[in-house]
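The values are calculated or read from the model by the stated rules, or taken from the named source; none is laboratory data. In this text, all values refer to a predicted model and were calculated from it rather than measured experimentally. Cβ placement follows ideal geometry from the backbone for every residue including glycine, while neighbour counts extend to all protein chains displayed. The area values use the complete protein model at the heavy-atom level, side chains included, leaving out ligands, DNA and RNA. Shrake-Rupley method; radii C 1.70, N 1.55, O 1.52, S 1.80 Å.
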Amino acid sequence: MSTCGEIQLEGCYVKYNNTSYFGAPDKMEVCRRCGPSFGYNSDVLNRIDSALAFLVGGNGEYFREGDFGSIQGVAQCIQDLSLSDCQDCLSEATRRLRSVCETSSWGDMYLGKCYIRYADQGIYMSVFDDDG
């Protein structure tokens with residue numbers, strides 16, 4: 001009997017609503033996740049910031065990915081947005097991600113129309129290696 005709903009899974013987002021939302025920007029936070037902290041390491045923080053800036057800067061596409069040393073990143077927008085609105089959405093997602101995940105070895109930020117993710121594979125893998 002509901003008139004709207006949404007679910008965010010790993011790599012999949014489904015939304016339905018009885019009102020139109022196509023083409024309308026939506027920067028509402030849907031989900032966020034942060035990995036364990038690696039402490040303060042300016043080299044890693046700079047690489048994360050560079051990776052996120054590259055993803056936000058984009059390539060004129062709705063899906064963006066890249067490797068930056070040990071940092072891997074991916075970003076995507078729902079394609080009913082203009083590329084300009086996609087850029088704005090990813091900028092906001094990045095701002096929130098860096099605010100809440102500060103020194104995390106990985107982070108995900110899902111907004112209503114976009115998401116951005118990074119992971120430091122060097123730190124991420126060493127965390128699991130240390131745990132056995």
Could you tell me the accessible area of residue 19 in Å² (1.4 Å probe, neighbours in place), rounded to the nearest ten? 80 Å²
To the nearest 0.05, what FRET efficiency results for residue 9 and residue 95 with a Förster distance of 22 Å applied to their C-beta separation? 0.35
Past the 15 angstrom mark, what percentage of all C-alpha to C-alpha distances in segment 16-86 do you count? 65 percent
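According to the Kirkwood expression over distinct Cα-Cα pairs, how big is the hydrodynamic radius of segment 1-50, in Å? Intermediate values should be presented prior to the final figure.
Values: mean 1/r = 0.0682 Å⁻¹.
One over the average 1/r among Cα pairs gives 14.7 Å for segment 1-50.
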If you project the alpha carbons of the chain onto the principal axes, what extent comes out on each, in Å, largest first? 49, 34, 20
I'd like to check one number: the per residue accessible area of the chain, probe 1.4 Å, reported in Å² as a whole number. 56 Å²
For Cα pairs less than 8 Å apart in space and 6+ apart in sequence, what is the mean separation divided by the residue count of the chain, i.e. the relative contact order in percent? 29 percent
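With a Förster radius of 41 Å, plug the Cβ-Cβ distance of residue 65 and residue 2 into 1/(1 + (r/R0)^6) and report the FRET value to the nearest 0.05. All intermediate terms of the calculation are to be shown ahead of the outcome.
Numbers: r = 35 Å, r/R0 = 0.84.
That pair, residue 65 with residue 2, gives E of 0.75.
Share of the chain's accessible area from carbon and sulfur, percent, 1.4 Å? List each step's numbers first, then the result.
On the way: 3820 of 7340 Å².
Answer for the chain: carbon and sulfur cover 52 percent of the accessible area.
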Helix-only [θ]222 nm of the chain, DSSP H runs n ≥ 4, -39500 (n - 2.57) each, per residue, nearest 500: -11500 deg cm²/dmol
Residues other than residue 81 with Cβ under 13 Å of its Cβ, Lys/Arg counted +1 and Asp/Glu -1, net out at -4
